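The values are calculated or read from the model by the stated rules, or taken from the named source; none is laboratory data. In this text, all values refer to a predicted model and were calculated from it rather than measured experimentally. When we count neighbours, we look across all protein chains shown, and the Cβ atoms used for this are built from the backbone with ideal geometry, even at glycine. Ligands, DNA and RNA are stripped out before the accessible areas are found, and what is left, the full protein with its side chains, is counted by its heavy atoms. Shrake-Rupley method; radii C 1.70, N 1.55, O 1.52, S 1.80 Å.
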Amino acid sequence: MCRLSLIIVTTVGLLQRFSMPLAGSMNQSTSGDATTTTQTAVVMAIAFFIAVTALTTLLLDRFGGALREALHVSQ
């Protein structure tokens, strides 16, 4: 499931990188450094996704360990 999510985010990032923005501050016609802005936005989106995935994994690991211990104690 995690691999699928990473593939989806990477694909969306690449599609966004190679397509013309429709609206917002990343309009390529207004600025010469729009490519840098777009690259930065893609990198930030991927970094945010990885951070959220890592945090969720950590929390689920902690919860799973506590649940296993509680089930073991209750038997």
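Mind listing just one residue for me: the one in region 23-62 that is farther than 24 Å from Val9 by Cβ and open to solvent by 100 Å² or more (accessible area, probe 1.4 Å) and, of those, modelled with the lowest pLDDT?
Thr30
Look at region 1-22 and say how many of its residues are loosely packed, with under 12 Cβ neighbours inside 10 Å and at pLDDT below 75.
Qualifying residue count for the region: 5.
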